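Structure first, commentary second.
The values are calculated or read from the model by the stated rules, or taken from the named source; none is laboratory data. Values in this document were obtained by computation on a predicted structure and should not be read as measured data. When we count neighbours, we look across all protein chains shown, and the Cβ atoms used for this are built from the backbone with ideal geometry, even at glycine.
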Amino acid sequence: CSWPVVKEAVVAAKRRLLDAACGAKRDLVLSDTGSDSGGLVKTIGTLKAQGYIVHLCGIFADPKEIVERGVAREVAAGKRYNRDVKKLGKSFSAFAPAIAAVNGRYCLVRNATGQEPALYREGAGGERVEFDLGAALAWAPAPRGEVARGEAVEAP
């Protein structure tokens, strides 16, 4: 089955599921690629208007690594993943407006291939932050068991 063929039906089903869950005041965990930052911010606004406290966990990695992982999964799962490195890199530009929009907490986590996920930055939603993918990828997390030092990680 091809994603473009089923995308419209899947998006509509996700919308109905979200509406039903919100109507029942259920706790939610939503996944979003960040490819449409305006849509993400709109969803955050809708949830806040319905009384939700919205938290954000943004996960990033080198776009080339993401493509490599996706290609490896294609073989196992048969689903085709985005191979556009530039488009993947741009999806991380959704972090700043999404962080500004949330009313809970946020964290940004680096998920590099072959390493444990590492907390890059955290704080209170509503903050104005900048996210530079190049700087974030150059950042080196503290060795396991040590407290991270530097400007990347903020105290809660």
*With respect to A21, is the statement that it is in a helix (DSSP H, G or I), at pLDDT 85 or above and either of a type in the set (G, A, S) or more than 27 Å from E127 (Cβ to Cβ) (or both) true?*
yes
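Matching residues to (1) surrounded by 15 or more Cβ atoms within 10 Å (Cβ to Cβ); (2) among the charged types (D, E, K, R); (3) in a loop (DSSP other than H, G, I, E, B); (4) modelled with pLDDT under 90:
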{"position": "K87", "(1), (2), (3), (4)": "no, yes, no, yes"}
{"position": "A94", "(1), (2), (3), (4)": "yes, no, no, no"}
{"position": "V109", "(1), (2), (3), (4)": "yes, no, no, no"}
{"position": "G123", "(1), (2), (3), (4)": "yes, no, no, no"}
{"position": "E130", "(1), (2), (3), (4)": "no, yes, yes, no"}
{"position": "A136", "(1), (2), (3), (4)": "yes, no, no, no"}
{"position": "A142", "(1), (2), (3), (4)": "no, no, yes, yes"}
{"position": "G150", "(1), (2), (3), (4)": "no, no, yes, yes"}
*Hey, G38 hits all of (1) at pLDDT 90 or above; (2) within 18 Å of the chain's Cα centre (by Cα); (3) surrounded by 12 or more Cβ atoms within 10 Å (Cβ to Cβ); (4) not acidic (D, E) but one; which does it fall short on?*
(3)
_Residue check for I53: assigned to a loop (DSSP other than H, G, I, E, B) and at pLDDT 95 or above_ = yes
*Among (1) touching a Leu at 6+ places or on another chain (Cβ under 7 Å); (2) closer than 24 Å to A112 by Cβ, which single condition is A21 missing?*
(2)
*Please go through the stretch 56-81 and pick out each residue that is in contact (Cβ under 8 Å) with a residue 24 or more places away in the chain and either closer than 21 Å to L133 by Cβ or part of a helix (DSSP H, G or I) (or both).*
L56, C57, G58, I59, F60, A61, D62, P63, E65, E68, R69
*Scan the stretch 46-55 for residues that are touching a residue at least 60 places away in the same chain (Cβ under 8 Å) and surrounded by 19 or more Cβ atoms within 10 Å (Cβ to Cβ) and jot them down.*
V54
*For the stretch 24-43, which residues satisfy the criterion of being polar (S, T, N, Q), assigned to a loop (DSSP other than H, G, I, E, B) and either farther than 16 Å from V10 by Cα or in contact with a Ser or Thr (Cβ under 6 Å, 6 or more places away or on another chain) (or both)?*
T33, S35
